[in-house]
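To start, the structure under review is shown below, and the notes come after it.
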Amino acid sequence: MTTRAMAAHASGLLLTLAGLTLHGAAQAQDEARTFPEKSVRWVIPFPAGGATDVVARMVAQKLTDQWGQPVVVENRAGATGAIGSQYVAAAAPDGYTLLMGTASTHAVAPAVNANLPYKNLADFTPITLVATFPNLLVVHPSLPVHSVADLIALLKAHPDRYNFASTGTGGSVHMASELFKLKTSTRMTHVPYKGSSEALADLLSGRVQVEFDNMTTVWPLAQKGRLRALGVTSLKRTPLAPDLPAIAETVPDFDAPSWVGIFAPARTPAAIVQKIAASVSQVMQQPDVIRKLHELGATPVTDSPAAFAAFVEHDTERWRDVAAKAGIRLE
């Protein structure tokens, strides 16, 4: 083949590849314009009734109204969220199977468990953060403490005498407790449960004495006097309970909020990801949604897929540092 013929052949290949690229881009845009054309499955990797489930169902109904297609919430609980997360990671990357990921599934668990059946960023396409909300530090009313300072003094006077519950080893509320122990140089015994309801049952009975948990779950019980709330895990007080101090007022820089956000399987087309993110952003700006989230103690937050990916990466590194210092590593 002559040099001229080779050049012509190469030019033809380039034109063909360019044409295929343009065709693929146009096809992706068409898919995004018509998305969704059928029902969307939204997997919640925790049992029904928890904070993640409550927020997801509210947003799912709004998306159903906006899209004209049902957004069906499906609870696939187990292994501190790993079962549902793995299910979505293996789903078709077409936008029709989504995950409501959390700080536990996509930051804390990857930081402490080297054998997760999924990778928190490589196996997912982050779409948008949805909401953040503080956890609460609560104790059984029989415990002779009425403040964070009281609890620290009690734990230092009696190392390892008291137990703290968690909703699962390696979850966000477990790591909030480990962060508290590190920052206060105190010692408690960890008692892990399979979920919030089981942990709460033993906390209410007094079998365990201390727990960090979602404000949505434990604040109503504290208001009724069945638990005693000592502080919120955000850096500042929450408007839902303005008289309840932030733990950071006693333990400087203590910050362990929870968050929820939407993920799709890796390689989901960017145009579909952007459409979902834009739709969720519209939902989160609706006054009734904002009001309901505030009632739950949550703050609506949406961002771009790129910003959310950076947020997840940063949060994972933060908890990896805590896990290393606390000696927490699951194999």
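Ligands, DNA and RNA are left out, and with a 1.4 angstrom probe the accessible area of segment 220-326 is 47 Å² per residue. Our coupling estimate for segment 173-181, obtained by passing each phi through the Karplus curve with A = 6.51, B = -1.76, C = 1.60 and θ = phi - 60°, is 6, 4, 6, 4, 5, 5, 5, 4, 4 Hz, Gly and Pro reported as x.
Taken per residue, the accessible surface of segment 57-171 reaches 34 Å², heavy atoms only and a 1.4 Å probe. Between Ala157 and Lys181, the simple spin-label model (points 7 angstrom out along Cα→Cβ) gives 2.1 nm. Along the chain, the longest continuous region that contains none of the trypsin sites (Lys or Arg not before Pro) in a DSSP loop with at most 10 other C-beta atoms within 10 Å is 39-223.
Within the accessible area of the chain, the carbon and sulfur atoms contribute 55%, probe 1.4 Å, all protein chains present.
Each Cα pair under 8 Å and six or more residues apart adds its sequence gap; the mean of these over the residue count of the chain is a relative contact order of 26 percent. Mean separation of Cα pairs under 8 Å and 6 or more residues apart, divided by the residue count, gives segment 169-236 a relative contact order of 27 percent. Taking segment 52-199 as the region of interest, the number of lysine pairs whose Cα atoms are within less than 26 Å, with members eight or more places apart or on different chains, is 4. Here the calculated FRET efficiency for Glu198 and Thr34, from their Cβ-Cβ distance with R0 = 35 Å, stands at 0.20, rounded to the nearest 0.05. Ranked by solvent-accessible area (1.4 Å probe, protein heavy atoms only, all chains present), the residues Leu240, Leu235 order from largest to smallest as Leu235, Leu240. The mean sequence separation of alpha-carbon pairs under 8 Å and at least six residues apart, normalised by the residue count of segment 51-130, gives a relative contact order of 23 percent.
The candidate values are [x] 0.98; [y] 1.38; [z] 1.08; the one derived from this structure for Rg/Rh (Cα atoms, Kirkwood Rh) carries the label [z].
Cα centroids of segment 37-58 and segment 302-331: 23 Å apart. Per Stokes-Einstein, at 37 °C and 0.692 mPa s, what whole-number D in µm² s⁻¹ belongs to segment 178-331, with the Kirkwood radius over Cα pairs as the hydrodynamic radius? Answer, rounded: 181 µm²/s.
The values are calculated or read from the model by the stated rules, or taken from the named source; none is laboratory data. The structure presented is a predicted model; accordingly, all values stated were derived computationally and were not measured. When we count neighbours, we look across all protein chains shown, and the Cβ atoms used for this are built from the backbone with ideal geometry, even at glycine. We work out accessible area using only protein heavy atoms, side chains counted, and drop any ligands, DNA or RNA first. Shrake-Rupley method; radii C 1.70, N 1.55, O 1.52, S 1.80 Å.
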